[in-house]
1. Within the range 348-370, can you find the residues that are surrounded by 23 or more Cβ atoms within 10 Å (Cβ to Cβ) and of a type in the set (D, E, K, R)?
2. Taking the range 278-307 only, how many residues are surrounded by fewer than 23 Cβ atoms within 10 Å (Cβ to Cβ), part of a strand (DSSP E or B) and of a type in the set (A, V, I, L, M, F, W, C)?
3. Within the range 279-310, track down each residue that is β-branched (V, I, T) and within 19 Å of S194 (Cα to Cα).
4. All but one of (1) at pLDDT below 90; (2) in contact with a strand residue (DSSP E or B) (Cβ under 6 Å, 6 or more places away or on another chain) hold for K334, so report the exception by its number.
5. I'm trying to understand the selection: among the residues of the range 280-323, which are β-branched (V, I, T), modelled with pLDDT under 90 and closer than 24 Å to A234 by Cβ?
6. Within the range 371-381, which residues are buried (at least 20 other Cβ atoms within 10 Å of the Cβ) and either at pLDDT 85 or above or in contact with an Asp or Glu (Cβ under 7 Å, 6 or more places away or on another chain) (or both)?
7. Within the range 393-433, count every residue that is under 30 Å from G360 (Cβ atoms) and buried (at least 19 other Cβ atoms within 10 Å of the Cβ).
8. Could you list, in sequence order, the residues of the range 165-188 that are surrounded by fewer than 16 Cβ atoms within 10 Å (Cβ to Cβ) and at pLDDT 95 or above?
Amino acid sequence: MDMSSPPTISAMMRTCRSLYEDATGPRLLLRDSATLTSSDAVLSFSVFMFTGVPHGTRFAYLRSLTVSHGGFSKAATRALTDILLHGRLALESLTLNDAEDVLGSAAHLNAHPDANTQPYPLLYPFSSLFTLRHLTMSGIGTLGSELLCALRSPLQTASLAFDAPDARWAPDGPEAQNPIIALAHAADTLEELSGSGFNIAPSIVRYAVQYPRVRRLCARYSPALGGAMPATAAYAYAFPALAHLALCAGTAPVLDPFAVRVLAATRSTNRDDQLQYGGWEHLRVVEGTVADVYALGLVRPVPEMRLQGIVRGADFTEGWLETVLDDVRPTTLKLTVVRWALFGRERLLARVFRTPAAQGVRSLDMQFLFAPFVAGASPPERVLEAVFRTVKLLPLRTLALTFNYALLAGSSAPYAALTVCYLKAVNISHYIRRLKDAMPGLEEVTVTLSDHLAEGDRWLGEAVRRSGSPLDGHADGASESGEEEEVMQQLAELGFGVAYDAEAW
């Protein structure tokens with residue numbers, strides 16, 4: 001039974017009373033997690049949990065619980081209350097999706113005597129969970145915020161999404177979405193914080209609580225909903241031991257002139273605050289788009305910088321890229337790029353890689369995403385040459401290149417299919433030898449192909465689909481011939497062989 005799937009274990013328990021009443025079956029069924037998404041599921045799970053010899057022994061095996069959707073009936077709300085308040089329950093992990101709907105189930109039902117003044121009966125039993133180590137909540141609004149403030153569990157990790165429709169209009173203002181306040185009970189135990197929709201009163205720099213063990217902070221804000229890059233001063237004080245920082249836009253950045261001015265002002269404020277009140281002294285990794293890291297305005301070097309998709313190559317973006325490299329001074333750089341025209345002898349990345357700040361990079365991990373392109377495109381042979389010509393400008397010791405064609409999947413354009421065919425046939429070992437010959441200090445190099453888009457890069461696919469400009473076209477005002485017919489002709493002439501551009505090396 002240890003190797004069986006939950007449906008198989010359940011079927012075996014229904015056909016054998018000893019397995020149903022014995023501890024083995026329930027322990028194996030509950031070893032991963034239990035998921036409750038409807039009133040029927042809650043009622044059925046309640047019957048299962050309270051069955052056993054002796055009564056209630058199954059609660060000792062339940063360590064992880066997921067509750068979603070909400071809108072539970074009165075009977076299901078009572079049953080869930082009894083489960084959460086059972087004396088032998090020792091949950092370690094709780095996932096609460098659609099928090100407002102779950103917590104608002106059967107309003108004004110007094111499901112437990114201790115909650116007789118609580119109009120939302122599930123708030124009390126959830127807040128009575130004292131053994132939680134890991135908490136994930138989405139759809140947090142007024143009720144979710146109230147639950148967070150009432151919890152007393154020694155949390156180690158928390159993932160909180162303040163994205164309920166009423167989250168922006170909470171009576172407490174931005175502090176209702178402030179994790180620094182909401183998780184104060186876990187200040188001594190929390191190690192990792194992530195989520196979205198975080199907000200902070202702009203006038204407060206130092207709160208009365210610090211989180212000395214938090215090493216990782218990853219939060220997304222939504223410019224589309226009026227959100228802005230959070231001020232860093234309060235975060236720097238609340239999380240002084242931070243090692244990994246990612247404050248990122250939840251959607252692809254729209255860099256219109258107004259947004260550029262806002263980000264420049266945010267950067268100036270953040271730098272001034274860090275210089276006056278102190279920044280992160282132990283930061284090892286910073287992550288985000290160029291605009292995100294630019295707005296952070298970091299004042300101390302960080303060993304590793306992970307930049308997410310450079311989609312546009314406008315002049316202000318170029319200046320920002322050089323600026324963030326100068327801010328961070330990384331020795332390790334991880335980069336995801338969509339536009340091939342950013343590469344080449346005098347293109348944006350080549351110019352930036354020649355700067356003193358970039359010359360400190362010793363390890364480069366770069367992914368290039370081939371995008372569905374239109375007029376002004378170049379064949380993949382030319383793209384690879386431009387990428388290799390650019391990366392050799394850095395004094396690297398280790399290099400990892402990934403050429404990803406996941407964005408070409410489903411494209412009806414004939415050159416998309418031809419590009420995939422070319423990439424699959426290319427002689428990777430040949431290019432690796434050329435890189436080693438051209439970069440004497442290179443100790444380790446890998447070049448790989450991929451058709452999978454990582455979770456953190458999926459917004460790039462949406463950005464490419466929404467963009468009206470040719471993302472794989474020429475930039476910086478260059479006007480080279482490259483219509484679709486020429487691309488296909490050049491691909492046909494290549495025969496999917498390995499091209500060698502002697503001038504590039």
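The values are calculated or read from the model by the stated rules, or taken from the named source; none is laboratory data. These numbers were taken from a predicted model, which means no experiment stands behind them. In this analysis, Cβ positions are derived from the backbone assuming ideal geometry, glycine residues included, and neighbour counts consider all displayed protein chains.
1. Listed by number, the list is empty, since nothing qualifies.
2. Qualifying residue count, the range 278-307: 1.
3. V285, V286, T289, V293
4. Among (1) at pLDDT below 90; (2) in contact with a strand residue (DSSP E or B) (Cβ under 6 Å, 6 or more places away or on another chain), K334 violates only (1).
5. T289, V290
6. Result: A371, F373, A377.
7. Total satisfying the criteria: 7.
8. Passing the criteria: only D188.
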